[in-house]
Amino acid sequence: MASNDVESNELRAEEEPVARDQWGKGVEFLFSCIALSVGLGNVWRFPFIALENGGGAFLIPYVVVLLLVGRPIYYMEVIIGQFASRGCIRAFDMVPLMRGVAYGQVYSTALATTYYACIMALTIRYLVVSFSEVLPWTYCLLEWGPQCVATAATNSSNATQSPHGVSSAELYFTRTVLREPPSLEAGGLGTPSWEMVLCLLATWIIIAITLSKGIRSSGKASYFLALFPYVIMLILLARALTLPGAWRGIVYFVQPQWDQLLNPHVWYAAITQMFFSLAICFGTLVMYASFNDFRKEVHKDVIIITSIDSFTSMLAGCIIFGILGNLAHETNTEDIASVVKGGAGLAFISYPEAIAKFKYLPQLFAALFFFMLLVLGIGSNIGMASSVINVVKDRFPQLPHWQLATGASLLGFVCGLVYMTPGGQFVLNLVDFYGCTFIALVLAIAELLAVGWIYGVKRLCSDIEFMLNVKTSFYWRICWAIVAPGLMFLVLVYMLCSYEPLTYKGVAYPPGAYMAGWLIWGLGVAQLPFWALYTIWQQPGNS
């Protein structure tokens with residue numbers, strides 16, 4: 001009899017659902033979302049995209065897209081997560097036929113997490129060498145040949161004397177840090193650099209520790225991850241504004257080119273920048289909101305987060321271009337665009353080159369900048385990794401957080417080793433385009449159709465009224481039902497019409513790499529029909 005009681009108690013314990021974690025304080029959700037959304041896209045992607053697409057004129061489509069696409073989708077995802085109180089996969093129980101959207105988003109987020117950690121590893125490498133007595137990218141090494149132009153403050157005139165030279169900052173990044181081959185066909189992937197492997201290991205250790213207790217630990221870390229970068233940004237802004245030539249750089253950044261407003265590529269760039277800057281349609285917002293109190297008034301948080309994200313992009317642009325304006329001044333260059341590198345080059349070539357020209361404490365400002373990048377990147381990566389981990393946690397709630405965090409970090413570290421090879425940046429570029437940008441657009445349209453048309457805007461508004469006792473305005477309704485999906489569809493059409501085979505620094509990939517890229521894309525998009533068919537097959541009845 002006693003043994004039967006024990007068995008029945010064990011059975012009851014197994015059947016009882018494990019209580020879902022909640023944020024320690026409501027403000028932890030706000031700070032975690034700020035840490036997630038404000039990341040590397042604001043610091044190096046936004047300034048360069050704005051510069052390419054009309055300077056100050058780009059801000060008009062950017063603000064329009066924020067109001068019509070970014071903020072409505074952000075609010076929608078937060079509402080879905082909070083109402084369902086489940087991770088992104090189980091939240092789609094509201095539209096079982098479209099559960100593939102969530103699986104595809106988790107797949108895409110997992111890919112992004114691996115290469116984002118690689119960028120963090122580069123940041124740690126630069127942060128460590130920033131404490132050197134002489135910054136290592138300021139002088140030339142013999143093996144770089146005669147084309148090298150040293151970027152130290154004492155050599156500021158060399159850049160004008162050697163128009164066909166390559167700066168030591170660029171050669172340090174490509175030859176010493178990346179050991180990059182001219183193409184994948186020339187050198188293959190190669191073997192990982194042990195220094196970069198150690199930096200990657202350090203990145204995943206930081207992520208594992210932060211996620212060891214789930215949102216209870218990551219929520220506490222969010223105070224630092226969200227606020228500290230602004231302390232450094234203000235210090236860098238104060239320094240940038242006192243540099244000669246800085247104002248010329250800032251004016252160059254914000255000066256509008258009005259003719260660009262009629263260029264469809266500018267609007268395409270605004271939508272894609274908003275998309276990745278706010279981290280919408282990746283499943284992370286649904287996951288974070290699922291830990292909220294059911295009655296939390298999130299619409300205020302959404303307005304705060306999306307406004308801060310846009311403000312940070314502008315602030316970062318002023319800092320970056322203020323310092324690049326000084327670089328152009330020091331090298332007697334009239335065209336500021338000529339001293340700007342895009343993407344990772346902005347952070348690891350243009351900015352270090354500008355820092356090297358500082359006559360006072362260049363090491364301090366280099367260390368501050370790279371520490372800011374590290375904190376911003378870790379904040380975003382924790383959100384992405386947490387989203388993937390919580391999918392497993394929702395399926396196996398008995399598993400302790402530290403085991404899941406450790407397992408995910410080990411897997412991420414092993415997958416990330418491919419980016420630590422000389423050909424790693426080629427792979428990163430390929431995965432970023434086919435595994436994130438391209439997949440995310442397709443899945444975003446599918447998500448908006450699933451929520452706005454299959455589940456229905458009317459039903460969603462009823463849920464909001466039940467949960468928050470708030471009537472949903474016409475603005476949100478029209479954006480969810482027509483404006484946001486319509487604009488996203490136009491972006492996808494434009495992307496397909498203007499599609500050209502992907503290149504890295506103007507170098508084409510071998511045919512096998514393109515096949516691998518389309519396979520990565522296909523695996524993500526195939527989640528839609530696969531889970532739809534699986535859901536239909538599971539239904540009872542013969543029809």
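Quick grid of which residues meet (1) aliphatic (A, V, I, L, M); (2) closer than 30 Å to residue 294 by Cβ; (3) part of a helix (DSSP H, G or I):
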| position | (1), (2), (3) |
| --- | --- |
| 27 | yes, yes, yes |
| 31 | no, yes, yes |
| 36 | yes, yes, yes |
| 42 | no, no, yes |
| 51 | yes, no, yes |
| 59 | yes, no, yes |
| 64 | yes, no, yes |
| 70 | no, yes, yes |
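Residue pairs whose Cβ atoms lie under 9 Å apart, sitting 6 or more positions apart in sequence or on different chains, and linking a residue in segment 248-259 that is under 11 Å from residue 52 (Cα atoms) to a partner that is surrounded by 15 or more Cβ atoms within 10 Å (Cβ to Cβ) and aliphatic (A, V, I, L, M), are 253/50; 253/51; 253/320; 253/324; 253/336; 257/57.
Matching residues to (1) on the phi < 0 side of the Ramachandran plot; (2) in contact with an Asp or Glu (Cβ under 9 Å, 6 or more places away or on another chain):
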site: 294; (1), (2): yes, no
site: 300; (1), (2): yes, no
site: 307; (1), (2): yes, no
site: 316; (1), (2): yes, no
site: 326; (1), (2): yes, no
site: 329; (1), (2): yes, no
site: 332; (1), (2): no, no
site: 339; (1), (2): yes, yes
site: 347; (1), (2): yes, no
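Taking each residue of segment 498-515 that is closer than 11 Å to residue 426 by Cα and touching a residue at least 40 places away in the same chain (Cβ under 8 Å) and looking for partners that are hydrophobic (A, V, I, L, M, F, W, C) and in a loop (DSSP other than H, G, I, E, B) with beta-carbon atoms closer than 8 Å, six or more apart or interchain, yields 509/502.
The single condition from (1) in contact with a Lys or Arg (Cβ under 9 Å, 6 or more places away or on another chain); (2) open to solvent by 40 Å² or more (accessible area, probe 1.4 Å); (3) modelled with pLDDT of 90 or more that residue 276 fails is (3).
Under the condition of being over 11 Å from the mean Cα position of the chain (by Cα) and among the polar types (S, T, N, Q), which residue from segment 263-283 is farthest from residue 313 (Cα to Cα)? For segment 263-283, the residue satisfying everything is 263.
Working carefully through the options 533, 502, 519, 496, find the one that is surrounded by 14 or more Cβ atoms within 10 Å (Cβ to Cβ) and aliphatic (A, V, I, L, M). After applying the criteria, what remains is 502.
Selection of first residues in segment 316-339 that are in contact (Cβ under 8 Å) with a residue 24 or more places away in the chain and of second residues that are open to solvent by less than 10 Å² (accessible area, probe 1.4 Å) and among the polar types (S, T, N, Q), restricted to Cβ pairs under 7 Å at least 6 apart or on distinct chains, gives the following pairs, ordered by first then second residue: 316/42; 324/350. Restricted to segment 6-34, and to residues there that are modelled with pLDDT under 50 and of a type in the set (Gly, Ala, Ser), the residue that is nearest to residue 215 (Cα to Cα) is 13. In segment 343-363, the residues that are open to solvent by 30 Å² or more (accessible area, probe 1.4 Å) form Cβ pairs under 6 Å with partners that are part of a helix (DSSP H, G or I), at six or more places apart or across chains, as follows: 353/169; 359/153. One residue stands out among those in segment 497-543 that are among the aliphatic types (A, V, I, L, M) and over 30 Å from residue 189 (Cα atoms): the one that is modelled with the lowest pLDDT, which is 536. How about segment 476-493: which of its residues are open to solvent by 20 Å² or more (accessible area, probe 1.4 Å) and touching a residue at least 40 places away in the same chain (Cβ under 8 Å)? Passing the criteria: 476, 483, 487, 489, 492.
Kindly evaluate residue 99 against the criterion of being within 30 Å of residue 253 (Cα to Cα), surrounded by 23 or more Cβ atoms within 10 Å (Cβ to Cβ), of a type in the set (Lys, Arg) and out of contact with any Leu (no Cβ under 8 Å at 6 or more places or on another chain).
Details: within 30 Å of residue 253 (Cα to Cα): no; surrounded by 23 or more Cβ atoms within 10 Å (Cβ to Cβ): yes; of a type in the set (Lys, Arg): yes; out of contact with any Leu (no Cβ under 8 Å at 6 or more places or on another chain): yes.
Against the criterion (within 30 Å of residue 253 (Cα to Cα), surrounded by 23 or more Cβ atoms within 10 Å (Cβ to Cβ), of a type in the set (Lys, Arg) and out of contact with any Leu (no Cβ under 8 Å at 6 or more places or on another chain)), residue 99 does not qualify.
Scanning segment 292-333 for residues that are outside any helix (DSSP H, G or I) and either open to solvent by less than 10 Å² (accessible area, probe 1.4 Å) or modelled with pLDDT of 95 or more (or both), we see that the one that is farthest from residue 468 (Cα to Cα) is 331. In segment 213-244, which residues are crowded, with 20+ Cβ neighbours inside 10 Å and under 19 Å from residue 28 (Cα atoms)? Passing the criteria: 215, 218, 219, 221, 222, 225, 226, 229.
The values are calculated or read from the model by the stated rules, or taken from the named source; none is laboratory data. Since this is a predicted model, take the numbers as computed values, not measurements. When we count neighbours, we look across all protein chains shown, and the Cβ atoms used for this are built from the backbone with ideal geometry, even at glycine. Just the protein is used for accessible areas: all its heavy atoms, side chains included, with ligands, DNA and RNA removed. Shrake-Rupley method; radii C 1.70, N 1.55, O 1.52, S 1.80 Å.
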